[in-house]
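The values are calculated or read from the model by the stated rules, or taken from the named source; none is laboratory data. Please read all numbers here as calculations on a predicted model, not as lab measurements. Cβ atoms come from the backbone with ideal geometry, glycine included; neighbour counts cover every protein chain shown.
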Ligand code: SAH
């Protein structure tokens with residue numbers, strides 16, 4: 001049994017030992033503040049159990065978590081108990097270790113990078129500094145009331161060094177009041193760091209007297225640490241995270257969940273908070289094995305199409321070699337990349353990633369018999385153009401997009417995001433179907449469309465896109481969104 005710290009959020013701050021144990025674990029019991037990337041390294045068959053607090057709601061009782069740990073470990077599983085930051089810093093790791101000892105289970109403790117030190121470091125605040133602070137106190141702000149608190153506020157007020165408060169956001173005002181009335185000077189530098197080390201990190205600096213008001217004005221929320229002490233003022237000189245173009249902005253992504261992650265990750269790296277609102281899901285359609293030998297042209301219109309195409313080839317015992325005799329054309333850089341992953345370098349990839357673009361790019365290419373691999377109920381532009389040119393055309397429908405139900409809370413966040421992105425006509429239709437009942441989008445939300453077909457679908461629903469990508473792929477979409485954010 002392993003009690004493992006997962007660090008404060010940036011996956012780069014997971015320790016080598018943590019990664020190794022996560023990769024080997026049979027069972028991982030994890031908390032709310034665990035970086036997603038930490039679980040990404042788990043074995044495909046591993047049992048992942050969430051035992052943390054559900055946003056605002058109740059949490060899994062501590063005894064239940066401990067009982068589960070003991071039970072899985074006794075059953076012979078390799079169990080990792082994964083906790084945010086360091087397991088022994090306000091992590092109840094000590095209690096869990098005691099429960100294991102009582103049950104006679106051997107354990108290893110893997111320390112982690114604790115948020116109180118790391119979030120401050122990412123804000124350019126060293127917890128100690130020669131001449132400014134020779135001691136640090138890590139303090140829990142989560143106490144029932146300042147009066148009956150276990151904390152000695154007079155001692156904290158006199159403490160000759162840096163005070164770091166964990167779990168103090170909901171009670172920041174009381175903490176400030178308690179320190180001030182115990183004699184800590186109101187002019188002392190102070191800061192609050194929200195979501196430290198994560199893409200959405202935010203920092204507020206000021207002085208003790210008013211730091212709670214500033215934090216409120218800036219809508220600072222948990223998880224956040226507060227720091228009081230002269231070192232807080234160093235943030236001004238030492239902050240080092242480059243300002244990110246989308247910091248503080250919320251961007252909703254409506255693509256199917258399976259495809260959303262690349263876009264979401266890039267948005268997050270730019271500092272955006274991403275709301276995943278997958279309005280559609282891709283379902284592959286069953287069909288007979290494919291023998292493409294009769295075709296001299298094979299067109300694929302999306303990365304999903306590539307997946308489906310290779311499934312149909314594999315169903316007949318075939319692989320990429322079966323396409324050797326045909327020209328392969330792809331719409332969009334993502335489609336070309338999906339082909340490249342399977343060893344096919346597309347012969348034709350049009351500049352404009354729409355069917356009209358491909359039809360144009362194929363104008364000089366002789367075609368006798370073409371296969372068009374695509375979604376069900378896609379537009380017929382390409383088959384029509386090729387048939388007009390005398391080619392024999394087979395359309396192979398490989399998948400369809402269906403509505404994915406969205407929780408009201410997700411819909412609400414998406415509707416009020418700063419930006420909402422649409423990457424296909426079907427995501428527009430299904431998203432608006434879900435949202436319409438609840439009165440559409442908020443007026444301040446800017447609508448970003450990947451290209452003309454998606455924009456047309458928006459207009460059909462009475463929505464004018466504010467931004468349309470001029471290159472109709474993810475790079476183009478991000479570029480257009482960034483240009484708009486920079487201008488705004
Ligand atoms: N064991 C953890 C602390 C758990 S208590 C550790 O060592 O870091 C949870 C508190 O940690 C939160 O209320 C918040 O004060 C702090 N915290 C966790 N992650 C944080 C982050 N990324 N940025 C700022 N504070 C964070």
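Residues that are near the ligand (Cβ under 10 Å from one of its atoms) and either in a helix (DSSP H, G or I) or closer than 23 Å to residue 160 by Cα (or both) within region 189-223 comprise 192, 193, listed in sequence order.
The selection criterion, being under 22 Å from residue 133 (Cβ atoms), assigned to a loop (DSSP other than H, G, I, E, B), near the ligand (Cβ under 10 Å from one of its atoms) and touching a strand residue (DSSP E or B) at 6+ places or on another chain (Cβ under 7 Å), does not hold for residue 186.
If the condition is being within 15 Å of residue 83 (Cβ to Cβ) and more than 16 Å from the ligand (Cβ to nearest atom), then region 99-128 contributes 99, 100, 107, 108.
Scanning region 167-183 for residues that are in a helix (DSSP H, G or I) and either touching a strand residue (DSSP E or B) at 6+ places or on another chain (Cβ under 8 Å) or away from the ligand (no atom under 12 Å from the Cβ) (or both) yields 169, 172, 173, 174, 175, 176, 177, 178, 179, 180, 181.
Across region 232-258, what is the total count of residues that are buried (at least 24 other Cβ atoms within 10 Å of the Cβ) and more than 16 Å from the ligand (Cβ to nearest atom)?
Here is the first cut: in region 232-258, the residues buried (at least 24 other Cβ atoms within 10 Å of the Cβ) are 232, 246, 251-255.
Imposing the further condition that a residue be more than 16 Å from the ligand (Cβ to nearest atom) reduces the set to 246, 251-255.
Adding up the residues that qualify gives 6.
Selection over region 264-276 of residues that are crowded, with 21+ Cβ neighbours inside 10 Å and either part of a helix (DSSP H, G or I) or not assigned by TED's automatic domain parsing to the domain that holds residue 426 (or both) gives a count of 1. Criterion first (in a strand (DSSP E or B), modelled with pLDDT under 90 and either in contact with a helix residue (DSSP H, G or I) (Cβ under 8 Å, 6 or more places away or on another chain) or outside the structural domain of residue 397 (by TED's automatic domain parsing) (or both)) does residue 282 satisfy it? Spelling it out, residue 282 is indeed in a strand (DSSP E or B), modelled with pLDDT under 90 and either in contact with a helix residue (DSSP H, G or I) (Cβ under 8 Å, 6 or more places away or on another chain) or outside the structural domain of residue 397 (by TED's automatic domain parsing) (or both). Which numbered condition in (1) touching a helix residue (DSSP H, G or I) at 6+ places or on another chain (Cβ under 9 Å); (2) more than 16 Å from the ligand (Cβ to nearest atom) is the only one that residue 227 fails? Tallying (1) touching a helix residue (DSSP H, G or I) at 6+ places or on another chain (Cβ under 9 Å); (2) more than 16 Å from the ligand (Cβ to nearest atom), residue 227 fails exactly one: (2). Checking 72, 43 one by one, the residue that is more than 10 Å from the ligand (Cβ to nearest atom) and part of a helix (DSSP H, G or I) is 72 and no other. State whether one or more residues within region 129-139 are within 12 Å of the ligand (Cβ to nearest atom), assigned to a loop (DSSP other than H, G, I, E, B) and touching a helix residue (DSSP H, G or I) at 6+ places or on another chain (Cβ under 9 Å). No, the conditions are met nowhere in region 129-139. Taken over region 339-351, the residue count meeting the criterion of being out of contact with any strand residue (DSSP E or B) (no Cβ under 8 Å at 6 or more places or on another chain) and closer than 12 Å to residue 307 by Cβ is 2.
Determine, yes or no, whether residue 85 is touching a helix residue (DSSP H, G or I) at 6+ places or on another chain (Cβ under 7 Å) and surrounded by 16 or more Cβ atoms within 10 Å (Cβ to Cβ).
yes
Just give me the residues in region 392-416 being in a loop (DSSP other than H, G, I, E, B) and either modelled with pLDDT of 95 or more or in contact with a helix residue (DSSP H, G or I) (Cβ under 8 Å, 6 or more places away or on another chain) (or both), in sequence order. Don't jump to the end; show me each part of the working.
Restricting attention to region 392-416, the residues satisfying the condition of being in a loop (DSSP other than H, G, I, E, B) are 404-407, 416.
The answer is 404, 405, 406.
Just one of the listed residues (417, 409) is assigned by TED's automatic domain parsing to the domain that holds residue 255 and farther than 17 Å from residue 260 by Cβ, and it is 409.
Could you tell me whether residue 34 is away from the ligand (no atom under 16 Å from the Cβ) and in a loop (DSSP other than H, G, I, E, B)? It is false that residue 34 is away from the ligand (no atom under 16 Å from the Cβ) and in a loop (DSSP other than H, G, I, E, B). Exactly one residue out of 68, 19, 39, 29 is in contact with a strand residue (DSSP E or B) (Cβ under 8 Å, 6 or more places away or on another chain) and closer than 30 Å to residue 241 by Cβ: that is 39. Selection of region 80-98 for residues being assigned to a helix (DSSP H, G or I) and either within 13 Å of the ligand (Cβ to nearest atom) or within 26 Å of the chain's Cα centre (by Cα) (or both) yields 93, 94, 95, 96. Just one residue in the set 374, 387, 352 is assigned by TED's automatic domain parsing to the domain that holds residue 291, surrounded by 20 or more Cβ atoms within 10 Å (Cβ to Cβ) and either under 31 Å from the mean Cα position of the chain (by Cα) or not in a loop (DSSP other than H, G, I, E, B) (or both); that residue is 374.
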